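Peer 1: Below you will find the structure I want to go over with you.
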Amino acid sequence: MVTNIPPQRYASRAAVIGEDTRITRALPHRARRTVGAWCFLDHLGPVHFAPGKGMHVGAHPHIGLQTFTWMIEGEVVHRDSLGNEQVIRPGEVNLMTAGRGIAHTEDSLHDGATAHAAQLWIALPRSQARCEPAFAHYPDLPQVALGGFRAMLLAGEAFGLQAPAQVHTPLVGIDFSAAQAANATVALRPEFEYAVMVLRGSAQVAGEALAPGEWLYLAPGRAELALACDGAAQFLLLGGEPMEEGLIIWWNFVARTQAEIETALADWNAGRLAPPVRAGSSAERLTAPSLAGVQLRAGGRG
């Protein structure tokens, strides 16, 4: 299988999380909802918060997905309804499996500090969508040097290595960074679709110049990918088998039917979806939005 489809370029959009933390959101995009099972990508920073300010996201729920946090700079405290409290530091991953329902908070460990992170979601396949919730912290990730890049394997398999994160569909996530000019060609799995998003600096991907906030989609059929940068840069390569399960993504939920979403919204507002989150966040518990008059569709997002 060889593709003749050229890369497709997309722009991220501005959004706000928590109290007033500004981020750029790449996925889901109106024209491209998922890349493999990756169904959400927020890029925070790099930002230096003013004194007394930081990222504070109050208690909120998830179903049907895994949240995947990749910390680049700064420190964030995760607290969840399973009783976990975990500080995530640069070079580490937090993986929270929502399954039938979980809730959590996210707070800067120190206000007035620098923060840089990527927050991703992985849609759980139908067979795992109602699994028991879980949380795992991964402080040590495999990495290789490649043509001047440091390639950190976040999820899946690459370079003959296996990332420790337990995922439930064939996928891969790699963070590439370089302190100066670099040039490499990486092997791809032809059955995977891929996306590349620049986090800082600029890069050339498959011959296409890419700036921060921009990302490229690469259709299945490629066996390799040329990557380069002229100076300090960092970008994510995400991939996976196309997921064709009629996903509905609304607020913080991933499901297959509107009824599932409506039930989760009602359960959260009534305090039934998950136990209370461990105390410690300064932010207020979030209230689920109403679906009154809204007709959801597979492939859409609210």
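Just so it is clear, none of the values below were taken in a lab; they were calculated from the coordinates. Fair warning: this is a prediction, and the values are worked out from it, not measured in the lab. Here the Cβ is made from the backbone with ideal geometry for all residues, glycine too, and neighbour counts use every protein chain on show.
Peer 1: Of the listed peptides 268-278, 76-86, what is their order by residue-averaged count of other C-beta atoms within 10 Å, with the highest listed first?
Peer 2: Per-residue mean Cβ counts within 10 Å order the peptides as 76-86, 268-278.
Peer 1: Where does each of 159-169, 189-199 land if you order them by average Cβ count within 10 Å, highest first?
Peer 2: In descending order of packing, they fall as 189-199, 159-169.
Peer 1: Tell me the mean residue ellipticity at 222 nm calculated for the chain from its helices only (DSSP H runs of n ≥ 4, each -39500 (n - 2.57), averaged over every residue, nearest 500).
Peer 2: Taking each H run of at least 4 residues, the total per residue is -1000 deg cm²/dmol.
Peer 1: Taking every pair of alpha-carbon atoms in segment 44-191, give the share separated by more than 22 Å as a whole percent.
Peer 2: Looking at segment 44-191, the distances longer than 22 Å represent 46 percent of pairs.
Peer 1: For semi-axes √(5λ) of the Cα gyration tensor in Å, pick the label among (1) 47, 19, 18; (2) 29, 24, 23; (3) 30, 23, 17 that corresponds to the value derived from the coordinates.
Peer 2: (3)
Peer 1: Among A136, H110, I72, which residue has its Cα positioned farthest towards the positive end of the charge dipole of segment 69-137, with +1 placed on the Cβ of Lys and Arg, -1 on the Cβ of Asp and Glu, and the dipole taken about the Cα centre?
Peer 2: Farthest towards the positive end: A136.
Peer 1: May I ask for the distance between the Cα centers of segment 106-179 and segment 258-302, given as a whole number of Å?
Peer 2: Going from one Cα centre to the other spans 25 Å.
Peer 1: Would you pull out the residues with amide H under 5 Å of L27's amide H, same chain only if 5 or more places away, H placed 1.01 Å from N?
Peer 2: Counting only residues 5 or more places away or on other chains, the set is L41.
Peer 1: OK, next. Might you report the magnitude of the Cβ-based charge dipole of segment 8-240 about its Cα centre, with Lys and Arg at +1 and Asp and Glu at -1, to the nearest 20 debye?
Peer 2: 680
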